[in-house]
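S.K.: Please find one structure pasted underneath; my questions will follow.
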Amino acid sequence: MSKYNELFYLGKKFMVDTNIEFKGSSFTLSVLHLKTSILAEIRAGLATKVAQAPDFFYLVPIVVNIEQLDDTIEFQAVKSLIEEFNFTFVGFTGAVPKEQRQLIRELGFSFVNTAKASANKKTAALSGSATEVIPEEAHTAQNNFFTDKVHRGQIRSGQQVYAKDQNLVVIGSVSAGAEVIADGNIHVYGSLRGRAIAGATGHHRAQIYCQNLEAELVSINGNYWLSESMEDHWGTPVYINLTDNELSSSKLI
Amino acid sequence: MARIIVVTSGKGGVGKTTSSAAIGLGLALKGHKVVLIDFDIGLRNLDLIMGCERRVVYDFVNVINGEATLNQALIKDKRVSSLSILPASQTRDKDALNKENVGKVLEELGKSYDFIVCDSPAGIEAGAMMALYYADEAIVTTNPEVSSVRDSDRILGMLASRSQRAELGLEPIKEHLLLTRYSPKRVEEGEMLSVEDVEDILSIPLLGVIPESQAVLKASNAGEPVILDKESDAGQAYQDVIDRLLGETVDFRFLLAEKKGIFSRMFGG
């Protein structure tokens, strides 16, 4: 069991009446991090702590973080236990599944979101409690880590430039019949008239940028477009990425 | 040091030999010592365009094989004494040339000539590679038409990677764009790529624009390079090319279709 002071946002400002007024303020609250859902163990822990400084804890508002608990928690029993030691129970917090959050509300307790919720999420990801989000985030980090291979000058018909484990930056145009390939992103500071294959070794976050799209083919992570699919942004500055496993293009400037 | 200029294109039939002949003769007319080499072994044409086909005794391959000396093979032009032609062999093929011996011949010629103009065969195979290997400059001959432009682009890639200059990491070959068979009227009608279109795709400096002209065919058949036809627009355009090659700044001509005068409009001309 540990206890930290964390910053909480308790509400947003709304005006209801002239006599009363709701305003958002932040307070420092004590958070009780539970590492077990066995009530006897919690009770023993609390007893030890409170015995050290009974006055300090008297009527202290407290939020209970249940992030580290994965089995069923008896929310009502936890609340009663907290109040037994003369704390003022505020609510529960922690990065928990939506269903659990809803259950907490249904039981009549408030669930408090911390300002560091997103930061907590990342910590969770790093410590390995796998969710679907994690590989993607790891992927982004990896993508950002690619170094750039810079090619100065035009890439002519019949030439091929491959940036292995790198992004490819072309300062010049890519001619029709030429091919640029990168394991990361491809940037063409000129016209892209040949083929551009980004994320060649399987990176669905790879993107293609060019100042003038007149390509024969663009491909990201194996999804490709031929010229006919690029009509919307033909001859304009464009970036192309993968959205839900489908290529999509957007105006660059 | 002689300037070695290769006239190349990738695609065939765009006017390499016509341009080589006009440029070689034009430079010689300016008083420079020029040798024109036909690299199109097996498809000898330059001698016809230059009008010296009946004076070919020995050829480039004979020199390469040591069967004749350079002086025996070189044909002096009858119009301009400072111009010589080294003809190709009609009976051999492109494998008859090898880098080492071609290099020796060019080195030898470089001692007594100011300009060595190499007329490249079409294609991207050994013959064309041989013609561009030792070049200092390249005149990329292009028709205002998509396939020709793409082939020129391919050759530009070869110039940047397969030449001696590229292999030794020296200053790259100086590239010039020569647009031939240009018809401003067809450009206006949207049937032909414009100078701007081709420049945009190839992005190399423009050396000249030769208008489509009846004079070119006539000149070829007569064996009189079109630059000698000072009345023709093609002849004048080649003259401008020579001036630009020699470092002068000359305005581009023949880029716009002739405006119809009031008379031709009235009489439906």
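S.K.: Give me the net charge for the shell around A:L226: Cβ to Cβ below 12 angstrom, other residues only, Lys and Arg +1, Asp and Glu -1.
M.R.: Net charge around A:L226: -2.
S.K.: Tell me the angle of helix B:99-110 to the major Cα principal axis of chain B, expressed in degrees between 0 and 90 and rounded to the nearest ten.
M.R.: Helix B:99-110 sits roughly 70 degrees off the main axis of chain B.
S.K.: Another one. Nearest 5 percent is fine: what portion of the DSSP beta bridges confined to the protein assembly as shown is antiparallel?
M.R.: Bridges in the protein assembly as shown that DSSP calls antiparallel: roughly 25 percent.
S.K.: Output the peptides A:231-237, A:210-216 sorted from most to least packed, where packing is the average of other Cβ atoms within 10 Å over each peptide's residues.
M.R.: Going from most to least packed, we get A:210-216, A:231-237.
S.K.: With springs connecting C-alpha atoms under 10 Å apart, model chain B as a Gaussian network and identify which of B:M130, B:M50, B:M192 has the largest mean-square fluctuation.
M.R.: Taking springs between Cα atoms under 10 Å, the residue moving most is B:M192.
S.K.: Another question, if that's okay. Quickly estimate the mean residue ellipticity at 222 nm for chain B, helices only: each DSSP H run with n ≥ 4 gives -39500 (n - 2.57), and the total goes over all residues, rounded to 500.
M.R.: -11000 deg cm²/dmol
S.K.: Once the other residues with Cβ under 10 Å from the Cβ of B:I64 are scored (Lys, Arg +1; Asp, Glu -1), what is the net sum?
M.R.: -1
S.K.: Sticking with this structure for a sec: Principal axes first, then extents: for the Cα atoms of chain B, list largest minus smallest coordinate on each axis, whole Å, largest first.
M.R.: 67, 39, 34
S.K.: So which aspartates and glutamates can A:K149 reach, going by Cα to Cα under 12 Å and dropping same-chain residues fewer than 8 places off?
M.R.: A:D165, A:D183
S.K.: Does segment A:143-253 come out rounded, prolate or oblate by the C-alpha gyration tensor, with a ≥ b ≥ c the root eigenvalues, rounded set by a/c under 1.5 and, if not, prolate when a/b is larger than b/c and oblate if not?
M.R.: rounded
S.K.: Taking the DSSP beta bridges in chain B as the whole, what percent of them are antiparallel, to the nearest 5?
M.R.: Percent antiparallel among DSSP bridges in chain B is about 5.
S.K.: Same structure, new question: Within 10 Å of each Cβ of B:151-157, how many other protein chain Cβ atoms are there on average?
M.R.: Mean number of neighbouring Cβ atoms from other chains: 6.
S.K.: Still on this structure, please answer the following. What is the mean number of Cβ atoms from other protein chains located within 10 Å of the Cβ atom of each residue in peptide B:199-207, rounded to a whole number?
M.R.: 3
FYI, it's all coordinate maths here, none of it is from the lab. Bear in mind that the values here come from a model prediction, so they are computed numbers and not experimental data. Because the Cβ atoms are built from the backbone with ideal geometry, glycine has one as well, and the counts that use them run over all protein chains shown.
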